[in-house]
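Trainee: Next up is a structure, given as C-alpha cells.
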Amino acid sequence: MDIKLSQCFIAVDDHDKAIAFYRDALGLEVRNDVSYEGLRWVTVGSPTQPGVEIVLEPPAADPATSPADRQVMAELLAKGLLRGVIFSTDDVDATFERVRAAGGEVLQEPVDQPYGVRDCAFRDPAGNMLRFNQPRRG
C-alpha cells in the first residue's frame, strides 16, 4: 500500500494577501483559485512537488460552524495559534533572506538546532508559523 500526502490546510483571513505571500515571497505556484457559493478554494504548491498542495482556507470554512465558534477561530488565527507548516529547503539562509526581503515577519533567524537541522521561522500574513529547515551541514 502506497500512501502519500496530497493536501494540507492553512487558515487564512485574506486570500489575496495569502496568495501574494505564498506566491511572491515563497515562490509557490497558485494551482486553483475558485469561487463557489460565497466560498473560495485556493491551492498553492511547490513546482517541484506537483502532487502536494496547500489549501488556503478561512479558519471556519464549514458552513455548519456556529457564529461563536467562528469568532473563537478568528481570535486563535489572529494570535498565530492555528496550523503551521514546515518546509524543507536546500539553503535555509538564502530562503531566510528572500522571505525577509519580501516582508515576512521574522520569528527566528537561521540557527543550528540540536536535533540536526538548521532552521528559521516566519509568520504568514494571517499569523501562521512557517518554519524552513535543511539538514545541518557537517
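The values are calculated or read from the model by the stated rules, or taken from the named source; none is laboratory data. Owing to the predicted nature of the structure, the values given are computational and were not obtained by experimental measurement. Here the Cβ positions follow ideal geometry from the backbone for every residue, glycine too, while neighbour counts run over all protein chains shown.
Trainee: I need a count of the residues in the range 102-130 that are surrounded by fewer than 17 Cβ atoms within 10 Å (Cβ to Cβ) and either on the phi > 0 side of the Ramachandran plot or in a loop (DSSP other than H, G, I, E, B) (or both).
Mentor: 6
Trainee: Considering the range 104-119 alone, what residues qualify as being among the acidic types (Asp, Glu), over 12 Å from PRO135 (Cα atoms) and at pLDDT 95 or above?
Mentor: Passing the criteria: only GLU109.
Trainee: Report those helices (runs of 4 or more DSSP H) wholly inside the range 7-101 carrying at least 2 residues which are modelled with pLDDT of 90 or more, surrounded by 14 or more Cβ atoms within 10 Å (Cβ to Cβ) and among the small types (Gly, Ala, Ser).
Mentor: 15-20
Trainee: Same structure again: From the list ARG100, ARG83, which one is under 17 Å from HIS15 (Cα atoms) and among the basic types (Lys, Arg)?
Mentor: Of the residues listed, the single one that is under 17 Å from HIS15 (Cα atoms) and among the basic types (Lys, Arg) is ARG83.
Trainee: If you check ARG83, ARG70, ARG40, which single one turns out to be among the basic types (Lys, Arg) and in contact (Cβ under 8 Å) with a residue 60 or more places away in the chain?
Mentor: Checking each option against the conditions leaves just ARG83.
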